[in-house]
Amino acid sequence: MSDKMNILTDKISQFINTYYLDPIKGDEGYNLVNTFTWAIVLGICIFGIFKLLKKLEVKITPEFILSILPFVLAGSSLRVLEDSPAGIFHPPFSYLLITPNIYFLVFGVTVICLWLSIRLQKAGFVEDYHPVFAGFGLVWFFLNLGVLLHYENVVAAYVPVFVIGVGTGLTLVFYLVARHFKSAIFTNPLNLSILLAHMMDASSTYIGIEKLGYFEKHVLPSYLIELTGTALVMYPLKLIIFVGVIYALDTQFEKDEESENLKMLIKMVILILGLSPATRNTIRMMLGI
């Protein structure tokens, strides 16, 4: 009985190491098992965040989403700090800065800054907590950039120009087409911001793989890139997912306040899932990391 238990324990340990721990320690990217797991965790976290924001009496508005974006930039640049060959961070702390662990770290810091900002408003020190909250994130982001530029040199300044330029251009074309067809859903500023973030992510993937020798770590994009032989496939992939998800969100949700708040939270998460890798990829390539 003891031998069987040892064998079972060894197999479980091997499974956890193979699909979860080793990819984190070696920064090897994703596989089907951990991708599915993190998707479930993300879904659980969305509802957890929804409850937390409700307890903090935070309404998820476009203004709130705008104020949280600096923390996305801060988290992405923090991830690049870990990527740096200068060895700024060392194990075991460096393991906290690898996906998905870094999401929990950044989330914790963000919640603390949000709570402080709300307390400052309630205490009468500020009229609106949103600018203060965004300010915390911006300070963190620029601090990370300062450290990066201290240790690293800019070797490809054209990368952010390409990523932002192409992402913006494609979003503008989409907007003009949507306006021609008088689509209120796809000319909505928040929805267009989501598209912009994902078009920039697609652009960073394209230039990284096609021009600079990087590789894709996510399972589905990696498969499609290998299948088609080009990273250009990221553009239609992102666009198809965007159209389907945004249309469903804006047509299938109830119109009550709680449902609207949940819908806005999901949109915020989708925006973050595009902006975060776009920022990280762009900074990495710009610095040649």
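Among the residues of region 216-238, write down those that are free of Cβ contacts under 8 Å to residues at least 40 places away in the same chain and of a type in the set (Phe, Trp, Tyr).
Correct list: TYR223 only.
State whether one or more residues within region 202-215 are in the same structural domain as LEU271 (by TED's automatic domain parsing), closer than 25 Å to MET264 by Cα, in contact with a helix residue (DSSP H, G or I) (Cβ under 7 Å, 6 or more places away or on another chain) and at pLDDT 95 or above. Step through it out loud before you land on a result.
Our first condition is that a residue be in the same structural domain as LEU271 (by TED's automatic domain parsing); within region 202-215, this holds for 202-215.
So of that shortlist, the ones also closer than 25 Å to MET264 by Cα come out as 202.
Now restrict to residues that are in contact with a helix residue (DSSP H, G or I) (Cβ under 7 Å, 6 or more places away or on another chain): 202.
If we keep only those that are at pLDDT 95 or above too, we end up with 202.
Yes: region 202-215 contains one or more residues that are in the same structural domain as LEU271 (by TED's automatic domain parsing), closer than 25 Å to MET264 by Cα, in contact with a helix residue (DSSP H, G or I) (Cβ under 7 Å, 6 or more places away or on another chain) and at pLDDT 95 or above.
Would you tally the residues in region 191-224 being within 18 Å of the chain's Cα centre (by Cα) and under 18 Å from GLY167 (Cβ atoms)?
So the answer is 19.
Being surrounded by 14 or more Cβ atoms within 10 Å (Cβ to Cβ), hydrophobic (A, V, I, L, M, F, W, C), in a helix (DSSP H, G or I) and at pLDDT below 80, is that true of even one residue in region 60-72?
No, region 60-72 contains no residue that is surrounded by 14 or more Cβ atoms within 10 Å (Cβ to Cβ), hydrophobic (A, V, I, L, M, F, W, C), in a helix (DSSP H, G or I) and at pLDDT below 80.
Given the conditions (1) surrounded by 12 or more Cβ atoms within 10 Å (Cβ to Cβ); (2) part of a helix (DSSP H, G or I); (3) basic (Lys, Arg), and given that LYS51 satisfies all but one, which numbered condition is not satisfied?
Looking at each condition in turn, LYS51 falls short on (1).
Counting only residues that are surrounded by fewer than 16 Cβ atoms within 10 Å (Cβ to Cβ) and within 23 Å of VAL147 (Cα to Cα), how many does region 113-136 have?
Of the residues in region 113-136, 1 are surrounded by fewer than 16 Cβ atoms within 10 Å (Cβ to Cβ) and within 23 Å of VAL147 (Cα to Cα).
The values are calculated or read from the model by the stated rules, or taken from the named source; none is laboratory data. What you are looking at is a predicted structure, and each value in this text was computed from that prediction instead of being measured. Cβ atoms come from the backbone with ideal geometry, glycine included; neighbour counts cover every protein chain shown.
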